[in-house]
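Peer 1: This structure is in structure tokens; I'll ask about it shortly.
The values are calculated or read from the model by the stated rules, or taken from the named source; none is laboratory data. Owing to the predicted nature of the structure, the values given are computational and were not obtained by experimental measurement. We work out accessible area using only protein heavy atoms, side chains counted, and drop any ligands, DNA or RNA first. Shrake-Rupley method; radii C 1.70, N 1.55, O 1.52, S 1.80 Å.
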Amino acid sequence: MAHMALTVGFDLDMTLIDSRPGIRACYQALSERTGTYIDADLAVTRLGPPLAEELINWFPAEEIAAMADLYREMYPAIAITATPAMTGAREAIAAVREAGGRAIVVTAKYEPNAKLHLAHLRIEPDAVIGDLWAEQKAEALREHDAGVYVGDHVGDVRGARTAGALSVAVATGPCPAEELRAAGADVVLTDLTEFPRWLSDYRPARA
């Protein structure tokens, strides 16, 4: 793979990190701060889309921008240390590097907070690009010439396909395996622990 310089993109929430505890705590804090009811347990069952798409369920449209800013301001102190890496995340990044490739993170999460998560967990991709969702992710995937994109959501599948990258889906987020396949994922893994073996098998096919 070294001569191929393969770049593999990874989503962040529910792909590399289990962001549910931190996001739940941040929504609960936002609810307390604003006096507005937010069902944090429900919200963390549908992670993936941009923050505004969840906030619109709880706040009037004209307040969304301000609430998003407040949430992001509160987020580092509440969510970063509460969020663990997904099982196999570090090994997946390492597998790409060991194969001579580059690993990047392309996420809908606010980029500064995405970088805080990765730094706290000592996961060090070659690049982190935030604030991109679904088909928008193709912008960064194309810019970095990513041949593979790994994610947990049908939006990640759409992003990979729009970019012309191979879509590798992990059934660790809100979308079950059958939904990921129906969306057009080329490969569906149970979780990232299966990724290094898949990558080692994929290499000869690409060579």
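Peer 1: Please give the per residue accessible area of the stretch 135-179, computed with a probe of 1.4 Å over protein heavy atoms only, in Å².
Peer 2: Per residue, the stretch 135-179 has an accessible area of 38 Å².
Peer 1: Run the accessible area of the stretch 1-104 with a 1.4 Å probe and give the carbon-and-sulfur part as a rounded percent.
Peer 2: Roughly 51 percent, rounded to a whole number.
Peer 1: For the stretch 141-200, build the convex hull from the C-alpha positions and give me its volume per residue in Å³.
Peer 2: In the stretch 141-200, the Cα convex hull volume per residue is 71 Å³.
Peer 1: With Rg and the Kirkwood Rh both taken from Cα atoms, where does Rg over Rh land for the chain?
Peer 2: 0.98
Peer 1: What ranking of 197, 142 comes out by heavy-atom accessible area, probe 1.4 Å, highest first?
Peer 2: Output order, biggest surface exposure first: 197, 142.
Peer 1: Out of the DSSP beta bridges found with both residues in the chain, what percent are antiparallel (nearest 5)?
Peer 2: Counting DSSP beta bridges with both partners in the chain, the antiparallel share is about 5 percent.
Peer 1: Sorting 202, 149, 110 by accessible area (1.4 Å probe), largest first, what list results?
Peer 2: Ranked from most to least accessible, the order is 110, 202, 149.
Peer 1: Could I ask something else about it? Report residue 64's accessible area, 1.4 Å probe, all protein chains in place, as a number in Å² to the nearest 10.
Peer 2: So the heavy atoms of residue 64 present about 20 Å² to solvent.
Peer 1: While we're looking at this one, here's another question. Return the whole-Å distance between the Cα centroid of the stretch 145-190 and the Cα centroid of the stretch 7-28.
Peer 2: Here the two parts' Cα centres lie 16 Å apart.
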